[in-house]
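These notes are about the structure you will find just below.
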């Protein structure tokens, strides 16, 4: 009977030892798994942080490229706007000279037609006809003198010019950025010679 109880005690001790060993192994495995999981999560965090840094770097680079492109586009736009503005200004100047010359030609044509009608009118007396002939001659001579003077002025490397003959003075408009003293002298000499007027009556401006 005592032997049986002793054997039972030994079996009980061995069972407790096995249970203890099993528990320790289980605890050890859980700790190892937890450590591995933590390591994996840590590695993933590093990857996530790295991705975030890479995305941020790409965004910054994109913003820099975009800003540079915007600067270049703005510079090109400014350059194109300036060139367009200069072109429009130049076209407006050319239009001014063309329009002014057409209006001047139309004015002379109307005057010639008026005096021609006076001369051809059967009711006009001799004095009226003589005056009409003198006016017609004067207008034709003035037109020819203006044409010659303008051609001579443009032959001096002036881009464009128009001459207006008034009763007591002559107005001249030159297409040039700046009129120099020698330019004024050349223009005055040509107009004074061709139109037979004093230089004091010649008024020159640039456009």
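The values are calculated or read from the model by the stated rules, or taken from the named source; none is laboratory data. Keep in mind that what you see is a predicted model, and the values were worked out from it rather than measured. Cβ sites come from the backbone with ideal geometry, for glycine too, and all protein chains shown count toward neighbours.
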### Residue check for residue 182: out of contact with any strand residue (DSSP E or B) (no Cβ under 7 Å at 6 or more places or on another chain), surrounded by fewer than 16 Cβ atoms within 10 Å (Cβ to Cβ), modelled with pLDDT of 95 or more and not in a loop (DSSP other than H, G, I, E, B)
no
### Condition check for residue 198: in contact with a helix residue (DSSP H, G or I) (Cβ under 9 Å, 6 or more places away or on another chain) and within 22 Å of residue 107 (Cβ to Cβ)
no
### Query
Of the residues that sit in segment 167-179 and are touching a helix residue (DSSP H, G or I) at 6+ places or on another chain (Cβ under 9 Å) and in a loop (DSSP other than H, G, I, E, B), which one is farthest from residue 108 (Cα to Cα)?
179
### Message
Please go through (1) at pLDDT 95 or above; (2) closer than 20 Å to residue 196 by Cβ for residue 131 and return the number of the only condition it doesn't satisfy.
### Response
(2)
